[in-house]
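Asker: Below: one structure in structure tokens.
The values are calculated or read from the model by the stated rules, or taken from the named source; none is laboratory data. Note that the coordinates shown come from a computational prediction; the quantities given were computed from them, not determined experimentally. Here Cβ is always computed from backbone atoms with ideal geometry, including for glycine, and neighbour counts include all displayed protein chains. For the accessible areas, the whole protein counts, side chains as well, though only heavy atoms, and no ligand, DNA or RNA atoms are used. Shrake-Rupley method; radii C 1.70, N 1.55, O 1.52, S 1.80 Å.
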Amino acid sequence: MGYPFCFLINALQDMKNDGILTVPIRDEHFSFLKAHEASPLKSPSSPQLSPKTTANADLNRTMVMPTASGKADISSSSIQLQEKITASHSMPQSVFSSKREHWEDLRRRVLNNESLKMHVRPGKSLVFGVGHLDAKIFFCGEAPGADEEIQGIPFVGRAGQLLTKIIAAMGLSREEVYIGNIMNWRPETETLTGNRPPTQEEMQFCLPYLIEQVEIVQPKVIVALGATAVSGLLGYDRNRKIGAIRGQWHAFYGIPLMVTFHPSYLLRNNTNATKRAVWEDMLKVMEKVDMVISEKQRKYFSKI
Ligand code: URA
């Protein structure tokens, strides 16, 4: 049971959307779920990602799938469990023959998910991660903005263009790294303009999809861009100050996680000190993934 509880809830909801109404479950797992039925989502700082799905031998219980989700279900982190419903069904095998196959399946599940789609403005899109599936560096932002929900691609607006420049300064292209967001939709606002940070509940709802992307890519380093991404990945902490923890290594499911400023913060605070801070964080990331760093790059921060 390495996955966080929210991952399981979403996975079950995805299966239910696909018409699977009961799943077989081992006794010990059933007891675990029962014990955690009403417990809130926890985001431990460095648990391990789970091993791949195991075969369905010895499965001897069935579990009722969660009820159809809607807006009101977002806050629900509990699952309706009921013992012994029907005779055993066979467990769908979630073993993919390649990373690409797993990623495409996940992308399809996200983009077709009615619970996510209901938050998207008419004519706009959900946004799923992009990049190399063997990327060593996984950049994680908070949520799509106006440009992203039009194109359905993360980080393509002004902040995204700055992120692309930072990546280029590292000697990489967008295609060589992975870029994702905690959130898959642009958080709703009263007006069509302006952005708001996602709530903790909204982030918890989308987080399992981000976790699954991390699991597919298995990056050497995750870069959390800004305070909201940090809250989504490491859990909310009202006393946390991004300026105090940036440049330090943390861990997300055992993967080293570097905290740095969000590019939109850089756009608003376009000072040499802020640019230097972000660049120093990127140098640490480059060192961590064993990239060769030129003298020019070591002195490059002032040019970003
Ligand atoms: N800001 C983010 O955090 N993500 C995007 O995709 C765009 C802007």
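Asker: Between V278, V289, which is away from the ligand (no atom under 16 Å from the Cβ) and either of a type in the set (A, V, I, L, M, F, W, C) or open to solvent by 50 Å² or more (accessible area, probe 1.4 Å) (or both)? Before you say what the answer is, go through the steps one by one.
Answerer: Values: V278 fails: away from the ligand (no atom under 16 Å from the Cβ).
From the options V278, V289, the qualifying one is V289.
Asker: Something else now. Tell me whether the stretch 105-116 contains one or more residues that are away from the ligand (no atom under 11 Å from the Cβ), open to solvent by less than 50 Å² (accessible area, probe 1.4 Å) and without any contact (Cβ under 8 Å) to a residue 40 or more places away in the chain. Don't jump to the end; show me each part of the working.
Answerer: Going residue by residue through the stretch 105-116, those that are away from the ligand (no atom under 11 Å from the Cβ) are 105-116.
Imposing the further condition that a residue be open to solvent by less than 50 Å² (accessible area, probe 1.4 Å) reduces the set to 105-106, 109-110, 113, 115-116.
Those still in the list that are without any contact (Cβ under 8 Å) to a residue 40 or more places away in the chain too: 105.
Among the residues of the stretch 105-116, at least one is away from the ligand (no atom under 11 Å from the Cβ), open to solvent by less than 50 Å² (accessible area, probe 1.4 Å) and without any contact (Cβ under 8 Å) to a residue 40 or more places away in the chain, which makes the answer yes.
Asker: A further question follows. Out of all the residues in the stretch 184-199, is one or more among the charged types (D, E, K, R) and touching a strand residue (DSSP E or B) at 6+ places or on another chain (Cβ under 8 Å)? Reasoning before the result, please.
Answerer: From the stretch 184-199, those among the charged types (D, E, K, R) are 186, 188, 190, 196; that's our starting set.
Then keep just the ones that are touching a strand residue (DSSP E or B) at 6+ places or on another chain (Cβ under 8 Å); that gives none.
No, every residue in the stretch 184-199 fails to be among the charged types (D, E, K, R) and touching a strand residue (DSSP E or B) at 6+ places or on another chain (Cβ under 8 Å).
Asker: Would you be able to say whether some residue in the stretch 271-278 is closer than 26 Å to G157 by Cβ and not in a helix (DSSP H, G or I)?
Answerer: Step one: filter the stretch 271-278 for residues closer than 26 Å to G157 by Cβ, giving 271-278.
Subsequent filtering for residues that are not in a helix (DSSP H, G or I) retains 271.
Yes, the stretch 271-278 contains at least one residue that is closer than 26 Å to G157 by Cβ and not in a helix (DSSP H, G or I).
Asker: Among all residue pairs at least 6 apart or on different chains, which show Cβ distances below 6 Å where the first residue, located in the stretch 274-290, is under 18 Å from K136 (Cα atoms) and the second is open to solvent by 90 Å² or more (accessible area, probe 1.4 Å)?
Answerer: Note: pairs meeting the criteria are V289/K136; V289/K220.
Asker: Okay, next question. What are the residues in the stretch 126-155 that are open to solvent by 30 Å² or more (accessible area, probe 1.4 Å) and within 12 Å of the ligand (Cβ to nearest atom), if any?
Answerer: V130, E142, A146, D147, I150, Q151, I153
Asker: Which ones in the stretch 130-163 are closer than 20 Å to Q200 by Cα and touching a Lys or Arg at 6+ places or on another chain (Cβ under 8 Å)?
Answerer: A143, P144, G145
Asker: Examine the stretch 199-214 for a residue that is open to solvent by 10 Å² or more (accessible area, probe 1.4 Å), within 12 Å of the ligand (Cβ to nearest atom) and in a helix (DSSP H, G or I), and state whether such a residue exists.
Answerer: no
Asker: Would you point out which residue out of A229, A224 is in contact with a Leu (Cβ under 6 Å, 6 or more places away or on another chain), open to solvent by less than 10 Å² (accessible area, probe 1.4 Å) and within 16 Å of the ligand (Cβ to nearest atom)?
Answerer: Numbers: A229 fails: in contact with a Leu (Cβ under 6 Å, 6 or more places away or on another chain).
Only one candidate qualifies: A224.
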